[in-house]
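Please read the structure below before turning to the comments.
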Amino acid sequence: MTRTSLPDPDQLAVRILRGERAAVAGGLNLLDNKLAEARNCAARLLASLSGERWLNEGHLVGITGPPGAGKSSLVCAMIREWRLAGRSVGVLAVDPSSRPELGGGALLGDRIRIKNSSQDEGLFIRSLANRNQLGGVATEVWPMSWLMLASFDIVVIETVGVGQTEIDIADIGDTVCYVAQPASGDTIQYLKSGIIEIPDIFAVNKCDLGAAARKTASEISRSAPRQDRREDWDYPVCLVSATMNAGIREFHEQFDRHRKYLARTDLLRGLRTRHQSAWVVRLLKEEFGTLGLELAGGRAGIERCLGDNASNQFAEYERIRKHLLSRFMSVNPPSSLTRKEHSDEQATV
Amino acid sequence: MASVQSKRDQPWLMRTYSGHSSAKASNTLYRTNLAKGQTGLSVAFDLPTQTGYDADSPLAKGEVGKVGVPISHIEDMDQLFDQIPLDQMNTSMTINATAAWMLALYIGLAQRRGIDPRTLSGTTQNDIIKEYLSRGTYIYPPGPSMRLIADTINYTVKHVPKWNPTNICSYHLQEAGATPVQELAYALCTAMAVLDRVKASGEIEPAAFPQVVERISFFVNAGIRFVEECCKLRAFGEIWEDLTLTRYKVEDPKLRRFRYGVQVNSLGLTEPQPENNVQRIVLEMLAVTLSKRARARAIQLPAWNEAMGLPRPWDQQWALRMQQVLAFETDLLEYGDILDGSPVIAAKVKELIEGARKEIDNVESQGGIIAAIESGYIKRELVGSHMNRLRAIESGDLKIIGVNCFQETAESPLTAGSDGAIMKADPAAEQGQIDRLRAHRTKRNDADVRAALQGLVDAAKSGENVMASSIRCALAGVSTGEWGDSLRAVFGEFRPPTGIDIAIDNREVLGKKDQVTELRERVASTGSAIGRPLKLLVGKPGLDGHSNGAEQVAVKARDVGFEVVYDGIRLTPQQIAQAAQEEGVHMVGLSILSGSHMDLVQSVLQELRSRDLAGVPVIAGGIIPAEDAEKLATLGVRAVYTPKDFNLNTIMADMVDVIRECNGLNRIGSLH
């Protein structure tokens, strides 16, 4: 048993909604905590935070692309634009973990590339290790991005650029951007793989390279039209240079344009409902296995139930979770699970 | 006897790398050292001066006057050389990113004293390339940095012809872990990049280009394997002679000589049984003096107690006397090259040359040294070599007397004194320098200052040589921070790859296998008990750029299973505390080698408390005297690691235990 106490989730939620940095940090720690009592507390926190706002407000942006394409410096340049426009920004930067048999550790080096040297209270960066999960994004990113959305105008998720499997990003972001590197075989590989189906915006970085960059941009523009292509979105391809600060403003405007497009066409609500359901199912399965999903009414049943409570999926999640816990632990009535956690403000774990 | 005396060779220039607290205190030290028989000066600048900040900049806090002398404007330079005739002195300045500025102040001072700059002799280190690999006092990105190097070379060749405008450094490559072959290859690649850049600038007539080649000198390290080191220097000379002829068509052999200065190895100096460093230093000096053909032009020796803190005047005197005994008492300078004709030496030199040529070709095929630095190749190679060295020390394959063998020792009378056998920089120096700078600002003609700075900015933008406008700035009373900021606005600032994100691939696991396995289990089980994987923030507060130690700890911690956040160098305590909060780390590790640990650690602790993070344990590593380590402990620092703690596995086990304690778990104890 550790000495560190868990925060009161309802109070923490209030502080997060007020934008207190310490509370955001504490909330993220809690969502990362795998101890049983922390999980109860985390489910309560998400339920307290959830609401209509999570379907309509803020902007979740996903950035992906091959290693060395300059994702972090581009994110840095975009943050500058958002901050100039007075929007607060939260960043979740995901880096690879070493293999479990090699200790599973990770070096998280993104802050240094994203951060400007000056102090900025409107910017919050959390680095995460992907902990060997396929798809390039750790499970924790889902709830963490929702939590950040309660506190910041923009939430950017930068994923590990390790290969062609990072399709998970499509299940998080409202707007997904793929950063390509000119004259690189990677881009051709990506074009061939499934990932070309995902981004809403493309950036060809290092456009100061000239012809090579223009060639890559035209290859992307000419690539096969996607299956679910939305007729009324143009999938822009932007030539940018993060280091030379070229084309950044035009590129940046595409994000706002896409966000407005999603709102105007009423796509945002459906997208977020789907993303939240997918995550709830994934988390329930992680904690309770296939059997747990069955006991809770099966995948389809859960999704229907979540869809009916679209603006309150996390409250629904907490309810299902409690139900499952009581089923699993029916020999030992789960009185302790509903016990009010003592309200220590500090969340250092 | 008299006839022998007359045939003796001239000894090399004898210097001691020094400077601290203030221009005034350093001037006193220089004049004392010169009176003791030192024949040249070697100026150590403090970190704000090296990185282009004024003493009153927030980033300079705690760093003013610590690792060297603060020079904020021409009046400081004047005081530093008070009663020292510039036209008769040979002055070496260890200055890189702001080399053009320090040189401008020196030339400006000479002009003000009515001395012809053509009579000035000395050296500006001015090898900014190696700053990206080691040492870390860069400011601008590689492109503009190369341009500044080229500007100083182009200017001095024409106007200060006896000056060595750049000292290509293999020294710091060795400190960063380079093998002799890597040292040779990367230093020579850097020299080629510099010469190519000067040539491309078109400022020098082709006929005058051999003079440029002649002015390129080197700054070399000498380690304890002194036979191999001696061969390394012969190899340097041979390759340089060949390269200058074939690549740069310099016909005159006199202009193709490999000229170098030396500071012998500080990496191998030990904190346990520090008196052993004396014999290490003497043996290392032999490496650069034995062979007449490859003898150093200038030597500076570290003091025996450098691994413990700032040397006292007496310690520096002892180092100078070592040189004098070798030069004046022994018969070394009476002979020709005593190694010529030795087949063993010849074979070793050949082997090194072949290895170096292969690696030079390798780097050139990657587009040259700048491209290989930008891609991370060089840093990766150096981190790999350094890891091998550490592993060999841990396993005992590489013996270090008093450290991993023969540890038993009687109590040393040398370290028994009340001062802990080290000197303390004057704690009042920082405020004194700030007051002096602020007073200076009120005395200047503001219109002159503005016009001079505008001239500098215009030159920087247009591509015109920045030296002339920098000298105008010097004479107008511009400050170091103003010069640095004006160029930052034009050139931008460099944010480097940290070396650790690069080291992530296929890096072999360090240390004894069984201990590593045990450590991984401890890290994993502690993480499970606390609820999430252990997360560590490695922070380097202040301006000190020596990042090797921090990088080794970060890589090792990753290898045993920590999730490690490393933000690189030059962070304020506020930034470190903010990162600790945002990242939700279980521990903050601070690495400080500049001697500013008391100020900086206290500031970090205070910033953490103000964010309700008093419960997050803080540990510190660096050159921290025992007395200070105790003070840090009473302030709340949970552990202090110094150069005597060379075993990274032991450090990791201790770190895990500190985290356990802070989370209500029992300590596990030492590794099996």
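Quick note: the coordinates plus some simple rules give every number you see, no bench work behind them. Everything numeric here is computed off the predicted structure, so don't read it as measured data. Note that we place each Cβ from the backbone using ideal geometry, even for glycine, and neighbour counts take in every protein chain shown.
Taking Cα pairs under 8 Å and at least six residues apart, what relative contact order does chain B come out at, in percent? Reported as a whole number, the value is 15 percent. Take every Cα pair under 8 Å whose residues are at least 6 apart in sequence, average their separation, divide by the length of the range A:240-320, and the relative contact order is 21 percent.
Under 5 Å from the amide H of A:LEU107 lie the amide H atoms of B:VAL564, each residue being 5 or more positions distant or on a separate chain, with H modelled from the backbone and absent for Pro and chain starts. DSSP loop (so not H, G, I, E, B), at most 12 other Cβ within 10 Å: list which trypsin sites (Lys or Arg not before Pro) in the range B:393-462 pass both filters. Qualifying residues, ordered by number: B:LYS399. Across the options B:SER21, B:VAL67, B:PRO11, the greatest Cα extent toward the positive end of the charge dipole of the range B:10-76 (unit charges at beta carbon of Lys, Arg, Asp, Glu) belongs to B:PRO11. Checking the Cα-Cα distances for B:LYS292/B:LYS348; A:LYS34/B:LYS535; A:LYS34/A:LYS322; B:LYS535/B:LYS631; B:LYS24/B:LYS540; A:LYS34/A:LYS285 against a 19 Å cut-off, the pairs over it are B:LYS535/B:LYS631; B:LYS24/B:LYS540. Given q = 0.16 Å⁻¹, what are the Debye log10 I(q)/I(0) values for the range B:1-124, with equal point scatterers placed on the Cα positions and solvent ignored? Scattering profile of the range B:1-124, log10 relative to I(0): -0.75.
Candidates B:GLY539, B:ALA639, B:GLN602 compared by Cα position along the dipole of the range B:513-662: farthest toward the positive end lies B:GLY539, with charges placed on Cβ.
Applying 0.36 nm per residue to the separation of B:ALA410 and B:SER462 and subtracting their alpha-carbon distance, the gain on full extension is 12.2 nm. Computed over the range B:513-662, the percent of Cα pairs more than 18 Å apart is 53.
The value obtained for chain B, namely the Cα convex hull volume divided by the number of residues, is 165 Å³ per residue. Centroid-to-centroid, using Cα positions, the range A:301-325 and the range B:390-443 are 62 Å apart. Take each residue in A:84-96, count the other chain C-beta atoms within 10 Å of its C-beta, and the mean is 1.
A simple packing score, the average count of other Cβ atoms within 10 Å per residue, orders the peptides B:528-539, A:242-253 as B:528-539, A:242-253, with the highest score first. Averaging 1/r across all pairs of distinct Cα atoms in the range B:12-395 and inverting the result yields a Kirkwood radius of 21.2 Å.
Note on A:SER72, B:SER418: ascending count of other Cβ atoms within 10 Å places them as B:SER418, A:SER72, the fewest first. Toward the positive end of the charge dipole of chain B, with +1 on the Cβ of Lys and Arg and -1 on the Cβ of Asp and Glu, the farthest Cα among B:PRO180, B:CYS405, B:ALA620 is that of B:PRO180.
Based on Cα contacts under 8 Å between residues 6+ apart, the range A:1-110 shows a relative contact order of 16 percent. Considering only beta bridges that DSSP places wholly inside the protein assembly as shown, some 5 percent are antiparallel. Under a 5 Å amide H cut-off, with hydrogens placed 1.01 Å from N, B:LEU310 pairs with B:MET423 among residues at least 5 apart or on other chains. For chain B, complete DSSP H runs whose alpha carbons reach 20 Å or more along their own long axis and whose mean Kyte-Doolittle score is 0.0 or higher are B:180-201, B:226-246, B:446-462, B:648-662.
Rounded to the nearest 20, the size of the Cβ-charge dipole of the protein assembly as shown about its Cα centre is 620 debye, with Lys and Arg at +1 and Asp and Glu at -1.
Among the residues of B:564-571, the average count of other protein chain beta-carbon atoms within 10 Å of the residue beta-carbon is 5. Each listed q (0.10, 0.21, 0.25 Å⁻¹) maps to a log10 I(q)/I(0) for the range B:349-451, found by the Debye formula over equal Cα scatterers with no solvent: -0.81, -1.13, -1.27. If only the Cβ of Lys and Arg carry +1 and only the Cβ of Asp and Glu carry -1, the dipole of chain B around its Cα centre is close to 840 debye. Note on A:TRP233 and A:GLU219: their simple-model spin labels are 2.4 nm apart, each label 7 Å out from Cα toward Cβ. Rounded to the nearest 20, the size of the Cβ-charge dipole of the range A:1-53 about its Cα centre is 100 debye, with Lys and Arg at +1 and Asp and Glu at -1.
Once the chain from B:THR32 to B:ASN445 is taken as fully extended at 0.36 nm per residue, the excess over their C-alpha distance is 145.1 nm.
What the Cα convex hull of the protein assembly as shown gives, in volume per residue, is 181 Å³.
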